[in-house]
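Take a look at the structure below.
The values are calculated or read from the model by the stated rules, or taken from the named source; none is laboratory data. All values reported here derive from a predicted model rather than from experimental measurement. We place every Cβ from the backbone using ideal geometry, glycine too, and count neighbours over all the protein chains shown. Accessible surface is based on the protein model in full, side chains and every heavy atom, while ligands, DNA and RNA are left aside. Shrake-Rupley method; radii C 1.70, N 1.55, O 1.52, S 1.80 Å.
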Amino acid sequence: MSDLRTIIEQLVRQTLQEMAPSSSDIKPMKAVSQTINSSHNYGKRLPLVAANWKMNQLSGSAKAFMREIQLKDRKNIQTLICAPHILLPVLAGEKKETDILLGAQNFYPEPSGAFTGEHSLDMLIDVGVQSVIIGHSERRNLFGETDELLAKKLAYAVDKKFLPIFCIGENLKERNDGSTFRVLQNQILTGFAGLKNPLPDPAMIVVAYEPIWAIGTGLTATAEQAQDAIAFVREKLADRFSWAYANSIRILYGGSANDKNAATLAAKPDIDGFLVGNASLNATTFASMIEQVAAVKRKVFAS
Ligand code: PEP
């Protein structure tokens with residue numbers, strides 16, 4: 001287990017070192033929000049672009065995707081592919097590049113036992129998986145996953161040294177009646193309620209802000225809407241933990257993100273990357289998003 005954590009930590013550290021400003025014309029980091037204290041340093045967060053394939057792809061297309069993505073430029077960024085369970089060993093078999101992480105879309109927070117149809121984290125580790133999506137709105141709404149179960153899953157995944165992608169987001173009615181922030185606050189506070197001291201390395205926790213009205217609809221949140229929501233979530237994480245801790249947690253945007261809007265969204269200082277559904281099914285589109293985010297984030301850090 002400690003091996004898995006060591007590998008992921010080494011990858012994060014190695015990429016952060018590569019990202020460190022090397023040229024003398026790069027100016028010092030600047031705090032971009034008045035509420036963030038002087039220790040804030042956005043460059044400490046390694047951008048992440050994560051694919052959520054949902055119930056898509058077959059073994060042939062999964063292998064072809066992995067082959068293509070490995071040929072693309074993925075410097076200064078973390079790449080994660082969250083695939084259906086049955087395709088994870090297929091992807092692992094095709095994966096040569098250690099900087100690409102594999103993620104599952106679900107697991108059951110028990111070590112083993114009579115849980116028909118479920119997968120444990122040890123089973124996922126066994127086939128080379130390092131990350132897991134928790135609390136996706138489709139799991140909350142279609143499969144009835146409760147805040148309590150999600151809190152248990154998050155604490156369990158953290159304990160097993162997985163990189164959790166914890167999803168939160170409001171629906172259209174909540175957005176329209178002005179309760180977005182209340183909903184986000186509740187999801188964050190209940191979701192993180194199970195985390196105990198000593199807290200995990202914040203670089204090993206990822207939150208994805210995914211407004212439900214934007215998922216799979218082609219309606220992307222504006223960069224301002226996404227930035228406001230994500231800055232609010234970071235503030236709530238800071239209230240719960242500390243600014244130093246919250247500033248090191250990566251927060252992604254998800255909801256019809258694609259290769260046309262990625263650069264605009266990623267230019268916002270609190271948006272650390274994307275969780276991508278539809279646009280992640282095509283390796284060329286997904287690779288373009290990875291490249292754009294890495295390029296934009298270098299500029300954001302340098303400004
Ligand atoms: C998702 O399901 O996590 C998602 C963001 O989907 P899409 O990009 O298709 O909106």
Inset, instruction - Compute log10 of I(q)/I(0) for the stretch 116-200 with the Debye formula, placing one identical point scatterer on every Cα and leaving out solvent, at q = 0.26 Å⁻¹, to two decimals. - result: -1.34
Legend entry - Carbon + sulfur, % of accessible area of the stretch 51-302 - ligands and nucleic acids excluded, 1.4 Å: 54 percent
Legend entry - Cβ-derived FRET efficiency at R0 22 Å, N282 paired with H85, nearest 0.05: 0.50
Inset, instruction - Can you figure out the FRET efficiency of D99 with A295, using R₀ = 22 Å and their beta-carbon distance, to the nearest 0.05? - result: 0.85
Inset, instruction - Would you work out which of A155, P89, A283 lies farthest towards the positive end of the dipole of the stretch 51-302? Charges go on Cβ: Lys and Arg +1, Asp and Glu -1. - result: A283
Inset, instruction - Place a +1 charge on the Cβ of each Lys and Arg in the stretch 51-302 and a -1 charge on the Cβ of each Asp and Glu, then give the dipole magnitude about the Cα centre in debye, rounded to the nearest 20. - result: 440 debye
Inset, instruction - May I ask you to evaluate 6.51 cos²θ - 1.76 cosθ + 1.60, the Karplus curve with θ = phi - 60°, for each residue of the stretch 279-284 and list the ³J(HN,Hα) values in order in whole Hz, giving x for glycine and proline? - result: 5, 8, 7, 10, 4, 5
Inset, instruction - Could you please put D147, D272 in sequence from largest to smallest accessible area, using a 1.4 Å probe? - result: D147, D272
Inset, instruction - Describe numerically, in nm with one decimal, the distance between label points set 7 Å from Cα along Cα→Cβ at D228 and at A92. - result: 4.4 nm
Inset, instruction - Could you list which residues have their amide H under 5 Å from that of F166, counting only those 5 or more apart in sequence or on another chain, with H placed in the peptide plane? - result: I134, V206, V207, A208
Legend entry - Using θ = phi - 60° and Karplus 6.51 cos²θ - 1.76 cosθ + 1.60, couplings along the stretch 198-213 (whole Hz; Gly, Pro as x): x, 5, x, 3, x, 5, 9, 10, 10, 10, 10, 8, 10, x, 4, 5
Legend entry - Qualifying GluC sites (Glu not before Pro) for the stretch 76-134 [loop in DSSP, other Cβ within 10 Å: at most 16]: E97, E118
Inset, instruction - Would you mind checking K152/K173; K54/K153; K54/K75; K44/K268; K153/K196; K173/K268 for any pair whose Cα atoms are more than 21 angstrom apart? - result: K152/K173; K54/K75; K173/K268
Inset, instruction - Of the options I188, F107, S59, report the single residue whose Cα projects farthest towards the positive end of the charge dipole of the stretch 51-302 (beta-carbon charges: Lys, Arg +1; Asp, Glu -1). - result: S59
Legend entry - Å² per residue, accessible surface of the stretch 51-302 at 1.4 Å: 40 Å²
Inset, instruction - Between the alpha-carbon centers of the stretch 232-300 and the stretch 74-140, tell me the distance in whole angstrom. - result: 20 Å
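Could you work out how much longer the chain between S242 and I125 gets when fully extended? Use 0.36 nm per residue separation minus the Cα distance between them, nm to one decimal.
Gain on extension, S242 to I125, equals 39.0 nm.
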Legend entry - Rg ratio (alpha-carbon, reference 2.2 N^0.38 Å) - the stretch 51-302: 0.95
Inset, instruction - Would you please put 105-115, 67-77 in order of how densely packed they are, using the mean number of other Cβ atoms within 10 angstrom per residue and starting with the highest? - result: 67-77, 105-115
Inset, instruction - Once you have the Cα-Cα distance between T217 and M55, take 0.36 nm times their residue separation minus that, and quote the gain in nm to one decimal. - result: 56.6 nm
Legend entry - Linear extension gain, E68 paired with N176, 0.36 nm per residue minus alpha-carbon span: 34.8 nm
